[in-house]
Amino acid sequence: MKLPIIPKLDQEAAQKARSRQEVLTKPLGSLGYLEELSIQLAAMTGTARPDFSHKGVIVMAADHGIALSGVSAYPREVTPQMVFNFLNGGAAINVLAKLAGAKITVVDIGVAYDFQQKEGILHKKIAPGTKNMLEGPAMTRDEAERAIQVGIDTVLTEIETGIDLVATGEMGIGNTTPSSAITAILTDSPVESVTGHGTGIDDQHLSFKINAIESAIRKNAPNPNDAIDVLAKVGGFEIAGLAGVILGAASRRVPVVVDGFISGAAALIAAQLEPATKDYMLASHQSVEIGHAVIWKHLGLRPILNLGMRLGEGTGAVLAFQVIEAATRLLNEMASFEEAGVSDK
């Protein structure tokens, strides 16, 4: 597939933001990471005074064949039920998006349910869930590429309507299992070191989950140097879609606030397909899923928040919008020493 071109960071805009930070009415560096974050955002967007008035979160929903093998504490029927909850405004992501003034875009990219053209959801289904990766590849290479393209097309459409900051969100019962598989392969880590309790399985089920992932990797033998092969053999449609969101947003200089463990797995896919996408990623938070820290370390990203969250949906990313907006408002709205008539000597 043809990937979008990712522009280089704008170092001139970054330097202008840095120079402004040096003359604002505060000791230099006293706002810590907020200062660094504002400079990063200037480099990403290509403007010395970045402003994010139109924030959005794209929630990709899909089911997983592996969920039928008992790797999750919840049945697969919960995926469409939660999609309806998103559409009805009752989920955590709805509350936090409203707080942040962010638009929610819900995409059915592979749910094993017919939403019958229900309004409020984008109907982009590749298939009604992936196949069980214990029995063979989760999807075909063509399906993986099509799912990535759905993500690219979705975010580009949102950007055309004005979205200037995007968060990644997902819903899919069982999706920590393919995320652990992807993380293990692309970071060259033992499966047990990147696999957690997901929706809340006990230790016995965790051992089963680890063994299932190891078996799926052995059976399918994904090529660690080919991200699409990894995605096709042990991935998920929503993970592919989010990788596309990251690629598409980066191509338009729109910062991507990456959510939790599943979104992190998508970020690994995007980064291997096009390493320059890392320049446009912001790590929203540190999940309690053990593989999440491995992902951030591999990508060289610093999480903004650490609140012990593990819900997904884009909740950590949308919550981080508040910190990102604080960083840019401080850069844009604080007075300089000269403007305030305050001595800087």
Members of the stretch 31-58 found to be open to solvent by less than 30 Å² (accessible area, probe 1.4 Å), within 16 Å of residue 15 (Cα to Cα) and of a type in the set (D, E, K, R), listed by number: 35
How many residues are in contact (Cβ under 8 Å) with a residue 40 or more places away in the chain, surrounded by fewer than 16 Cβ atoms within 10 Å (Cβ to Cβ) and part of a loop (DSSP other than H, G, I, E, B) when one looks only at the stretch 193-208? 1
Does the stretch 229-253 hold any residues that are open to solvent by 10 Å² or more (accessible area, probe 1.4 Å) and out of contact with any Ser or Thr (no Cβ under 6 Å at 6 or more places or on another chain), and which are they? 229, 233, 251, 252
Looking only at the stretch 157-176, count every residue that is surrounded by fewer than 24 Cβ atoms within 10 Å (Cβ to Cβ) and assigned to a helix (DSSP H, G or I) and tell me the total. 4
Inspect the stretch 56-76 for any residue being at pLDDT 95 or above and among the polar types (S, T, N, Q) and give the result as yes or no. no
Test of understanding: among 223, 211, which residue is of a type outside the set (Asp, Glu), without any contact (Cβ under 8 Å) to a residue 40 or more places away in the chain and assigned to a helix (DSSP H, G or I)? 211
Within the stretch 95-109, is even one residue part of a loop (DSSP other than H, G, I, E, B) and touching a strand residue (DSSP E or B) at 6+ places or on another chain (Cβ under 9 Å)? yes
Which residues, counting only those in the stretch 1-30, are among the β-branched types (Val, Ile, Thr) and open to solvent by less than 90 Å² (accessible area, probe 1.4 Å)? 6, 23, 25
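The values are calculated or read from the model by the stated rules, or taken from the named source; none is laboratory data. It should be emphasised that the depicted structure is a prediction, and the values quoted were computed from it without experimental measurement. We place every Cβ from the backbone using ideal geometry, glycine too, and count neighbours over all the protein chains shown. These accessible areas exclude ligands, DNA and RNA; they are computed on the full protein's heavy atoms, side chains included. Shrake-Rupley method; radii C 1.70, N 1.55, O 1.52, S 1.80 Å.
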